[in-house]
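The values are calculated or read from the model by the stated rules, or taken from the named source; none is laboratory data. Since the structure is predicted, the reported quantities are computational estimates derived from the model, not experimental observations. With ideal geometry, Cβ positions are generated from the backbone for all residues, glycine too; neighbour counts draw on all protein chains shown. Ligands, DNA and RNA are stripped out before the accessible areas are found, and what is left, the full protein with its side chains, is counted by its heavy atoms. Shrake-Rupley method; radii C 1.70, N 1.55, O 1.52, S 1.80 Å.
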Amino acid sequence: MRGAPSRATAAVPPAAAALVLGLMVLVIVRLPWAGDLGMHAATVERLRHNLLDPGNPLVDADTPSPYYSPWMLLLGCVARVTGLSVFVVLRIGAVVGLALLVTGVQRYVRTLSRHPVAPALVLLCLLFLWGTALFEWSGFLGLNSLALTVSYPSVFTLGLAFHFWAWLARAVRSSGSFGSSGGWGDWLGLGVLWAVILLCHQFSGVVASLGALATVLAARPRPARAVWARPAAGLALGVVVLWLWPYYDFFALFGAGADLESVHRALYRDPVGRFGLVLVGVVALGLRWRRDRWDPLVLFFGLGVMVCAGGWLSGHYSWGRALPAVLIPAQVAAALEVVAAGRRSVRVAWACVLGAALLVGAWTQAGTLGYVLGRERLPEVVAAKYREPWVGYRWITPWVKYGDVVLARTSAARQIPAYGPYTVAPGYPDFFLSDEGRRVAAVRRYFAAGTADGVRRDIVKSYGVRWVVARGAVRGAGELREVTRGPGGQVLYVVVP
């Protein structure tokens, strides 16, 4: 009987993780819309129609796009072959991405701990050990963020990253020396996987690269010089794959402009509110550092801190997308400290601290339930934490067809291309679109109150505009006719020839 409480306690993390994963499956069924979902849906839609030369996913222009990744190409093939709607295909992608993430976490944790509870506990920390303020961003694994981004390439890519780290860890540790776990095929395969990760989601690829570097630096004993040829060959092959990818120039992304910096400055706001609970994991990392100065999680954390701090100090705020390289090792360390060797009383005390932090984090993100139940079914105190997803623009599809050009402001332009039309200006910064600034200015000028009718006519003609979406009445020199009305007072106008 003395072992029974222990067994009951050990069953809590797996049961809690199973409940959370069940919730995520129900979220996928609902597929709440916010953020970049429209961009990814538009990407799949373009690939469904033209796999070889899809053009810009948002505007009617023949430009490359970093969104045409190997994962999006595969989903585009699924859409083309099956005839399923884009949103059904994204749901399929979400299930695959979630499964890849869960299995990847399990495999990676097994390289750090053999305790049977460790993977479930790590998963709970990745989802709930964040802060007391809601935070959603692609590539960040808080439960609320994951609910809104589960169909994004970032989730699929992070799942690949965990598998990548697990594979690499086994390669560098087997038989106590570099390269003895297998032949050249292992290292060449790791190089290709690294390239695929970078192509699928560049920011998560940076996180994956930092984790890989930490794993290599932590390898003991140090490898002989002759062994370095294998990982070097894998790295070289990965670079070749990046160079050969035909849908966009990966290396051109290093020249991305100031638009990225202004968008990502928000990542550095309110770090205590967003990530305060992760301090529990930082303490755990300190304990691991005392035991082993070359601990891979400590090195991973240190590399992430260096990149993010460098971004803040230099004004390159897009480097803040490497924050998961700070958060993930701390979250993993917090979980593993509960099952670490040592005195039982210390582990119990640590489990109590971590359990309290996880409960606070879960309460902060309790509004995620609304994506399954709806706001009206939530208690008021929970509903206050719920953020209503976007409605979408399916209401325009009986009239607006694939390839039509719609003139709309930024918020609408982020969603309309998901259904097949183009917009005049992209809803998101587009590094490869050379006339992006002119397009944005044209939309702003069209909707400005003092713009002359002749200028509006020129804009409509220049971009082949067939439809206009706006809130309320729009001046158009008598060339607009109202077709239908949508949510929030929006109106669909057709341009009269």
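Note on segment 206-252: residues that are among the basic types (Lys, Arg), touching a helix residue (DSSP H, G or I) at 6+ places or on another chain (Cβ under 8 Å) and in a helix (DSSP H, G or I) amount to 1. The set of residues in segment 20-74 being of a type in the set (Asp, Glu), free of Cβ contacts under 8 Å to residues at least 60 places away in the same chain and within 20 Å of residue 406 (Cα to Cα) consists of 62 alone.
Find the residue count for segment 350-385, including only residues that are in a loop (DSSP other than H, G, I, E, B) and open to solvent by less than 40 Å² (accessible area, probe 1.4 Å). The total comes to 3.
On inspection, residue 397 passes the criterion of being open to solvent by 30 Å² or more (accessible area, probe 1.4 Å), of a type outside the set (D, E, K, R) and touching a helix residue (DSSP H, G or I) at 6+ places or on another chain (Cβ under 8 Å).
Looking at segment 259-341, the helices (runs of 4 or more DSSP H) lying wholly inside it that each contain 3 or more residues that are in contact with a Cys (Cβ under 8 Å, 6 or more places away or on another chain) sit at 324-338. Against the test of being assigned to a helix (DSSP H, G or I), within 25 Å of residue 411 (Cβ to Cβ) and open to solvent by less than 50 Å² (accessible area, probe 1.4 Å), the options 78, 44 yield a single qualifying residue, 44.
Which of the residues spanning segment 135-163 are open to solvent by 10 Å² or more (accessible area, probe 1.4 Å), hydrophobic (A, V, I, L, M, F, W, C) and closer than 15 Å to residue 212 by Cβ? 160 - this is the single residue of segment 135-163 that is open to solvent by 10 Å² or more (accessible area, probe 1.4 Å), hydrophobic (A, V, I, L, M, F, W, C) and closer than 15 Å to residue 212 by Cβ. Residue count for segment 280-329 satisfying the condition of being of a type in the set (D, E, K, R), open to solvent by less than 50 Å² (accessible area, probe 1.4 Å) and within 30 Å of residue 346 (Cβ to Cβ): 2.
Could you please find all residues in segment 472-495 being open to solvent by 50 Å² or more (accessible area, probe 1.4 Å) and modelled with pLDDT of 90 or more? The answer is 481, 482, 485, 487.
Confirm whether residue 16 is at pLDDT below 95, open to solvent by 10 Å² or more (accessible area, probe 1.4 Å) and assigned to a loop (DSSP other than H, G, I, E, B). Criteria not met by residue 16.
For residue 437, the criteria (1) surrounded by fewer than 14 Cβ atoms within 10 Å (Cβ to Cβ); (2) over 24 Å from residue 67 (Cβ atoms); (3) not polar (S, T, N, Q) hold in every case but one, which is (2).
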